[in-house]
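Contents: one structure, followed by commentary.
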Amino acid sequence: MTTEIPQLTVVDHPLVGHKITMLRNVATSSESFRSLCTEITLLTAYEALRHLPVEQVEVETPITTTQSPMLSGPAPAVVGILRAGLVMVEAILTLIPHARVGHLGLFRDPDTHRPVEYYRKLPADIADREVLLVDPMLATGGSAVHALDILSELGCRPARLLSIIGCPEGVGAVHTAHPEVTITLAALDQGLNEHAYIVPGLGDAGDRIYGTR
Ligand code: PRP
Ligand code: URA
């Protein structure tokens, strides 16, 4: 579903809504939480990757020869923000097995809520590729903006951001810093609480994925 905010799509689909509700549920186990993140990523990637360039190639079917589309250009790059983005990277790789993968390690300082970078490994030629940035949560937007700053400094074309749950503060922060970035969400929540957690949200995505709290 395209929203009144340019460059923002919130996927409106019964399956996505159903799975988001299960993800929010505090009683959902880490095992189920990981599976749900994977399934929601697969469903929403359909929308986030709609722009990928294709070319017509000739293919021989058992019946005849025909022209049919295939992805063109260099393989896309999927960049995951650690930790929670890892599960989304793996999901995207099932759709685009030849994608290149980048990792950015960021955590939010508990007091300032600002991102702290602890790891960076990106494809050397990332500027030549379509980039999909993945992170389940778009809260203050600090982590996404930090990642997009890095990609922009490396000369990348505007990346696409795929998150599972976002809020107006995060969307606003990304579009203030990088107006050309397209955001796809499975849900747009009401806002942030005093600890910069998304409300109603789902809690701490990394902790729920890996059972660390
Ligand atoms: C979470 C989430 C995002 C970030 C979003 O990571 O996965 O990276 O918070 O918040 P922001 O929009 O306010 O920057 P967290 O810092 O909890 O690290 P983790 O994935 O290692 O748990
Ligand atoms: N990070 C999370 O994992 N959850 C939030 O609600 C906000 C930031």
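The values are calculated or read from the model by the stated rules, or taken from the named source; none is laboratory data. Please read these numbers as outputs of a predicted model, since none were measured by experiment. A quick note on method: Cβ atoms are made from the backbone with ideal geometry, for glycine too, and the neighbour counts reach across all protein chains shown. With ligands, DNA and RNA removed, areas are computed over all heavy atoms of the protein, side chains included. Shrake-Rupley method; radii C 1.70, N 1.55, O 1.52, S 1.80 Å.
Listed values, structure above:
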item: Leading residue by the ranking (nearest to ligand 1 (Cβ to nearest atom)) among those in the stretch 193-213 that are of a type outside the set (F, W, Y) and not in a loop (DSSP other than H, G, I, E, B); result: G206
item: Residues within the stretch 88-117 that are open to solvent by 100 Å² or more (accessible area, probe 1.4 Å) and within 9 Å of V78 (Cβ to Cβ), tallied; result: 1
item: Odd one out for L188 among (1) among the aliphatic types (A, V, I, L, M); (2) more than 13 Å from ligand 1 (Cβ to nearest atom); (3) over 28 Å from M22 (Cα atoms); (4) under 14 Å from the mean Cα position of the chain (by Cα); result: (3)
item: Where L15 falls short, out of the listed (1) exposed (fewer than 12 other Cβ atoms within 10 Å of the Cβ); (2) not in a helix (DSSP H, G or I); result: (2)
item: Pick from the stretch 196-207, criterion open to solvent by 40 Å² or more (accessible area, probe 1.4 Å) and in contact (Cβ under 8 Å) with a residue 40 or more places away in the chain, ranking: farthest from ligand 2 (Cβ to nearest atom); result: P200
item: Enumerated strands (runs of 3 or more DSSP E) restricted to the stretch 110-172, each holding at least 3 residues that are in contact with a His (Cβ under 6 Å, 6 or more places away or on another chain) and either of a type outside the set (K, R) or more than 9 Å from ligand 1 (Cβ to nearest atom) (or both); result: none
